[in-house]
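The structure appears below as structure tokens.
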Amino acid sequence: MTGAVRLEPVGERNLEPLLSVAVAEAEPDDVMPPVDAPAGWSHARRQAFRDYYRTGFAGLAGPSRTAMYAVLVSGEVLGMIRMTRRAEPGTVEAGVWLGRSARGQGVGAAALRELLNLAAAAGMHTVVAETTRDNAGAISVLRKCGAKLVEDGDAVRAEISLDATPPTF
């Protein structure tokens, strides 16, 4: 990876570049909730992508209770990371996706560390994430960021305490 990872709130300015990365380097089900539309990146799925990401424009205080950030390296959009308020006070759930060409280069861990800083600045104490046992990339990123992992069958739940001493890298 060359250049520092930077997070930029998702807005109209970076929505189309984000969609372009998703279309070129990800599957629809990996970057947005399932929709009833033709398979692949049909016109309907592209519009559903835009509609979904616009729900996060208002941030943690908005109706979706979600803050979404484009992940950038050297000014280029490579994916998205988000945090969504959970019912438990001071807790957000994190989710991330990166285009295939950005995976395995440390971008995910750097983006998550930036998100942890944003979550702490927003007054959060805990960040949780859920993945599956076969998602080795996500598990690696979560471990690098100090998550405690609990496996339950194929499901893996991660918890990161923002009150704990951060791991050294």
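Restricting to segment 1-46, count the residues that are loosely packed, with under 14 Cβ neighbours inside 10 Å, more than 16 Å from the chain's Cα centre (by Cα) and over 15 Å from A102 (Cα atoms).
Residues in segment 1-46 being loosely packed, with under 14 Cβ neighbours inside 10 Å, more than 16 Å from the chain's Cα centre (by Cα) and over 15 Å from A102 (Cα atoms): 11 in total.
So M83 fits all but one of (1) open to solvent by less than 60 Å² (accessible area, probe 1.4 Å); (2) within 19 Å of A158 (Cα to Cα); (3) without any contact (Cβ under 8 Å) to a residue 24 or more places away in the chain; what number is the exception?
The number of the failed condition is (3).
Does I81 meet the test of being touching a Ser or Thr at 6+ places or on another chain (Cβ under 8 Å) and hydrophobic (A, V, I, L, M, F, W, C)?
no
Let me confirm something: among G108, G75, G90, G79, which residue is within 20 Å of R50 (Cβ to Cβ) and small (G, A, S)?
So the residue among G108, G75, G90, G79 that is within 20 Å of R50 (Cβ to Cβ) and small (G, A, S) is G79.
Kindly list, by first and then second residue, each pair from a residue in segment 1-28 that is over 19 Å from L60 (Cβ atoms) to a residue that is outside any helix (DSSP H, G or I) and open to solvent by 50 Å² or more (accessible area, probe 1.4 Å), limited to pairs with Cβ atoms under 7 Å and residues at least 6 apart or on different chains.
Partner pairs satisfying both residue conditions: M1/Q105; T2/S74; G3/S74.
Test F49 against the criterion of being surrounded by 16 or more Cβ atoms within 10 Å (Cβ to Cβ) and in a loop (DSSP other than H, G, I, E, B), and give yes or no.
Judged against the criteria, F49 is not a match.
Could you list, in sequence order, all residues of segment 123-145 that are in contact with a Lys or Arg (Cβ under 9 Å, 6 or more places away or on another chain) and of a type in the set (G, A, S)?
Answer for segment 123-145, where residues must be in contact with a Lys or Arg (Cβ under 9 Å, 6 or more places away or on another chain) and of a type in the set (G, A, S): A129, G137.
Identify, from the list A22, A58, A44, the residue that is touching a helix residue (DSSP H, G or I) at 6+ places or on another chain (Cβ under 6 Å) and either more than 20 Å from E114 (Cβ to Cβ) or modelled with pLDDT of 95 or more (or both).
A22
Does L78 meet the test of being over 22 Å from A147 (Cα atoms) and touching a helix residue (DSSP H, G or I) at 6+ places or on another chain (Cβ under 6 Å)? Steps first, please.
Details: over 22 Å from A147 (Cα atoms): yes; touching a helix residue (DSSP H, G or I) at 6+ places or on another chain (Cβ under 6 Å): yes.
Spelling it out, L78 is indeed over 22 Å from A147 (Cα atoms) and touching a helix residue (DSSP H, G or I) at 6+ places or on another chain (Cβ under 6 Å).
The values are calculated or read from the model by the stated rules, or taken from the named source; none is laboratory data. Quick caveat, the model's predicted, so the values are computed rather than measured. Cβ coordinates were reconstructed from backbone atoms using ideal geometry, including for glycine residues, and neighbour counts include every protein chain displayed. Remember, those area values only see protein heavy atoms, side chains included, never the ligands or the DNA or RNA. Shrake-Rupley method; radii C 1.70, N 1.55, O 1.52, S 1.80 Å.
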